[in-house]
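Each remark here refers to the structure printed beneath this line.
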Amino acid sequence: MPPAQRDFYEVLGVARNASADEIKRSYRKLAMEYHPDRNSGEDAADRFKEINRAYEVLSDTDKRSAYDRFGHAGVDGAGGPAGFDGFSSFEGFGDIFDAFFSGAGRGGRRRGPARGADLRARITLTFEEAAFGTEKELDYTRQEHCDGCNGSGAAPGSEPEVCSECNGAGEIRRAQQSVFGQFVNVSTCGRCRGEGRVITSPCANCRGRGGVRKARQISVKIPAGVDDGQQIRLTGEGEVGDRGGQPGNLYVLLDVQPHELFERVDDHILYDLPLNVAQAALGTNLQIPTLEGDMDFDVPAGTQSGDEFVVRGQGVPRLNSTRRGDMIVRTTVVVPEALTEEQEALLEQLAETLGTPSLPSQHKSFLERLRDAVAG
């Protein structure tokens, strides 16, 4: 006695009121899972047949109606497992078949326009150029369409011919018989490599490639506020595309040279200001450098080594913004290594009056707080 057939809705894992799209999606998922070429389980072949039989019925409006009214008895005459004839009658199976035998989808079919490759180049900037922006000339080479054949690869006066191997389809189809029916294996045509056309009279200038390498110079606008390691994308400045495809992009990596006086932290700059003992103790007014020239700076009396003072708006302009970071002036009290007799006498007198100092209270500097904020 043959085994009882399972409910077709149960086989596909859908409700009895499922839409046609829901049935199709479930079928495709299960067919991919249980296809014998992907599933080596003992019951994979039987489950695969059962899934396809259920879909054959439920995807057909008349058969589904008959099945809903009479069950399996209403559709057994319409071709059951004994009359199963492969997959030719299953709508939607072509997509699954191609996924198994042609890579991702219909990979063997004649290819369309191909996007050109992306290119990369480097530009070196000074610290100031990165801060305030500039314009640089960039020389590089890229693949461009051959002037002799206008990118076709064929000699002037000739045209690529239809491939005799695939008749212009760009793919070869071969039928194979198996226990599950007839399969059609689709592969890219080896003679035309999927193009569908073959160049019999190649262009002498590019030797049939359709493209040649050419030197190119472009002007690159560097916005204010860029930093070392960032890159700029120049759309359409990469390699030209084949068969009329879009050109690739050019990515310009920025190398920013370090500054001899300043260190950059985010949009801020750090400047180390050396002071002698007297300047730190008594305070003073000095000229200090900035990115835009010297400025007056007041050192308050009692300044300690490592103290930091914030000069607002003297940092690096923020990228794509009108605001600027700050300049942090960090002081370093420099103790002289060699003294005259007079200086020694004066310092000895001062030491007697000052006594032994105590350590100042520990606190986080502006720069430490900034780095903590940047680090998250």
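The values are calculated or read from the model by the stated rules, or taken from the named source; none is laboratory data. Being a predicted model, the structure only gives us computed values, none of them experimental. Virtual Cβ from ideal backbone geometry, glycine too; neighbours counted across all protein chains shown. Side chains are part of the model used for accessible areas, which takes the heavy atoms of the whole protein and leaves out ligands, DNA and RNA. Shrake-Rupley method; radii C 1.70, N 1.55, O 1.52, S 1.80 Å.
Applying the condition of being more than 42 Å from the chain's Cα centre (by Cα) and in a helix (DSSP H, G or I) to the range 50-61 and asking which residue is farthest from V75 (Cα to Cα) yields E50.
Residue by residue, here is whether (1) more than 30 Å from L30 (Cα to Cα); (2) modelled with pLDDT under 85; (3) acidic (D, E) holds:
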| site | (1), (2), (3) |
| --- | --- |
| R64 | no, no, no |
| D98 | no, yes, yes |
| S102 | no, yes, no |
| P113 | yes, yes, no |
| L119 | yes, no, no |
| E129 | yes, no, yes |
| E135 | yes, no, yes |
| N150 | yes, yes, no |
| G153 | yes, yes, no |
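Of the residues making up the range 347-376, those that are open to solvent by 100 Å² or more (accessible area, probe 1.4 Å) and either part of a helix (DSSP H, G or I) or modelled with pLDDT of 70 or more (or both) are E348, Q349, E352, T353, L354, T356, P357, S358, L359, R369, R371.
Does F87 satisfy the condition of being under 17 Å from M32 (Cβ atoms), more than 26 Å from the chain's Cα centre (by Cα), open to solvent by 30 Å² or more (accessible area, probe 1.4 Å) and modelled with pLDDT under 70? Against the criterion (under 17 Å from M32 (Cβ atoms), more than 26 Å from the chain's Cα centre (by Cα), open to solvent by 30 Å² or more (accessible area, probe 1.4 Å) and modelled with pLDDT under 70), F87 does not qualify. Look at (1) assigned to a strand (DSSP E or B); (2) open to solvent by less than 20 Å² (accessible area, probe 1.4 Å) and you find that G225 fails only one, number (1). Annotation note: Cβ proximity below 9 Å between a residue of the range 332-353 that is touching a residue at least 12 places away in the same chain (Cβ under 8 Å) and a residue that is assigned to a helix (DSSP H, G or I) and open to solvent by 100 Å² or more (accessible area, probe 1.4 Å) (sequence gap 6+ or interchain) occurs for no pair.
Given (1) within 17 Å of D272 (Cα to Cα); (2) of a type in the set (S, T, N, Q); (3) in contact (Cβ under 8 Å) with a residue 60 or more places away in the chain, where does S321 come up short, assuming only one miss? Here S321 clears every test but (1). Under 7 Å between Cβ atoms, which residue pairs at least 6 apart in sequence (or on different chains) link something in the range 57-68 that is within 10 Å of F8 (Cα to Cα) with a partner that is open to solvent by less than 60 Å² (accessible area, probe 1.4 Å) and not in a helix (DSSP H, G or I)? Hits for this filter: V57/V75; Y67/V75. Restricting the range 228-242 to residues that are without any contact (Cβ under 8 Å) to a residue 40 or more places away in the chain, at negative phi and in a loop (DSSP other than H, G, I, E, B), the residue that is most open to solvent (accessible area, probe 1.4 Å) is T235.
Of the strands (runs of 3 or more DSSP E) that lie entirely inside the range 121-213, those containing 2 or more residues that are touching a helix residue (DSSP H, G or I) at 6+ places or on another chain (Cβ under 7 Å) span 181-188.
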